[in-house]
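Written below as structure tokens is the structure these notes are about.
The values are calculated or read from the model by the stated rules, or taken from the named source; none is laboratory data. Everything numeric here is computed off the predicted structure, so don't read it as measured data. So basically every Cβ, Gly included, is an ideal-geometry build from the backbone, and we count neighbours across all protein chains shown. Remember, those area values only see protein heavy atoms, side chains included, never the ligands or the DNA or RNA. Shrake-Rupley method; radii C 1.70, N 1.55, O 1.52, S 1.80 Å.
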Amino acid sequence: MPTIDPAAIELIEQTDRLVEVLRRAGRIGGGEAWERHFARIRAAREPWATAVIMSDRGQVVGVHARSEAGPGSIAIDTDPPVWLDVWEFPNDPDLPSLSVAVAGLDDHDVIRYRPGNRCTMLASRDGLRRFVKVSADATAIDQITRIVHATVQRHEIHVAVPEPLGLTAAGQAVHLRIVSGRPLFDRIVSAEGPDWSYRIGEILGRLAAVEPEDGGAVTQGGASSFAIARRDHHEQRARTERAIGRASAQVPSLGPRLRFVLDQLDARQADLRPKAVSLVHGSPHLHQWLIDGDAIGLVDFDRFGWGDLELDIATYLAELDFERSSVAPIRDHEQAIANGAAIGGTELDPRRLWLYRLHKRVAKVARTAAAPRTDAAVRASDQLVDIERSLGAGPPA
């Protein structure tokens, strides 16, 4: 594991300092206002940090921080020294299909970019505005989108979802029709938020009520040979295991406590009764929902599959757990979304939901530990204390 000078972490944390370093090295121009789009610390591997900054003129620049020099690296005078590898979007050295995909577009705006992994853009091609997702999973995302679109229409689930427009860049860029509307987030966190949680619960409940044995729900749209992924407890546990590994690498003192938490989650899971899987969105967090008049839209079905509705609900509620701007008490959202799911045709298991929410909170600890902040270890430890207290108090009656 590389030894990282706190001054180097501050360089990734403080955008103004990073911009100044890049300007002095001639890697970016002067005059633009820059903001950080993404940053992560990964102390157990090289590069140990990655950041993306964006200017008000649309320039996007990626940076890897390393403990060893590479060709063209910028040297930073810390102890031990740090080297920065810099590239301008879309020339990502670890995602070569990105530049190919961008070359086929009339224009593009970066919405979400994770270097070496994936990128979502709002773009135009042949006069039509669209979303374009570039990743190694683009072909699967295209198939999933076709299945979801057909399922929602067939079962008359009242939610707008993306429509697939095809693949480009050797199958690593999927094009999606834009779902109209504006973010529902502000309404969810307002005083009327539980009313929207009720409607969201009903939509997710109706999706979950689609019978797994109904082959038409998962084979329409030319995707009959595509295997729907499992998004159940086993997959969630594997994700939690990886999150614990990342958090332990960043903050070794968290390791034994997180392992104990996972043991407790496993023991509680073993006490649950088995249940049949259902169709789930996979990640219906607060920013995936749109509103257009009185119609609701739901996007980003990349993690769509067969699983537990409680996992979808836990993802939604876990964000509200940490959303300080939310006005209504979390218990009002909990009751509203459970009532909506029941109206949609699916009853929630409170104990299973409680466990999934704890899994999501462990993931939050891992993200906090990897944040480019000098106080990341303290913040992650404080969040872990809350998980330990919840386990001590036990599940809902």
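Quick look at the values:
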quantity: Accessible area (Å², 1.4 Å probe, nearest 10) - THR374; calculated: 80
quantity: Heavy-atom accessible area per residue - the chain, 1.4 Å, Å²; calculated: 45
quantity: Placed amide H near ILE291: partners under 5 Å, 5+ positions off or other chain; calculated: ARG182, LEU184, GLY297
quantity: Environment charge of THR78, counting only residues whose C-beta is closer than 14 Å and scoring Lys/Arg +1, Asp/Glu -1; calculated: -4
quantity: Interchain or long-range residues, amide H under 5 Å from ALA49's placed H; calculated: ARG42, ALA65
quantity: Rounded if a/c under 1.5, otherwise prolate or oblate - the chain, Cα gyration tensor axes; calculated: oblate
quantity: Phi-based couplings in Hz for segment 172-177 (Karplus 6.51, -1.76, 1.60; Gly and Pro marked x); calculated: 10, 9, 9, 9, 10, 5
quantity: Global form of segment 347-397, assessed from the alpha-carbon gyration tensor, a/c cut-off 1.5; calculated: oblate
quantity: Charge tally in the Cβ shell below 12 Å around LEU204, where Lys, Arg are +1 and Asp, Glu are -1, LEU204 excluded; calculated: -2
quantity: Total formal charge among the other residues, if their Cβ is under 11 angstrom from that of ARG259, Lys/Arg +1 and Asp/Glu -1; calculated: -2
quantity: Carbon + sulfur, % of accessible area of the chain - ligands and nucleic acids excluded, 1.4 Å; calculated: 48
quantity: Cα gyration tensor, segment 113-221 - rounded (a/c under 1.5), prolate or oblate; calculated: oblate
quantity: Among ILE244, ILE147, MET54 the positive-end extreme of the charge dipole of the chain (Cβ point charges); calculated: ILE244
quantity: Among 193-202, 40-49, the order from most to least packed when residues are scored by Cβ within 10 Å on average; calculated: 193-202, 40-49
quantity: In nm, spacing of pseudo-spin labels at ARG324 and HIS234 (7 Å Cα→C-beta vector); calculated: 4.1
quantity: Contact order normalised by residue count of the chain, Cα under 8 Å, 6+ apart, percent; calculated: 15
quantity: ASP302 accessible area, 1.4 Å probe, all protein chains in place, Å² to nearest 10; calculated: 30
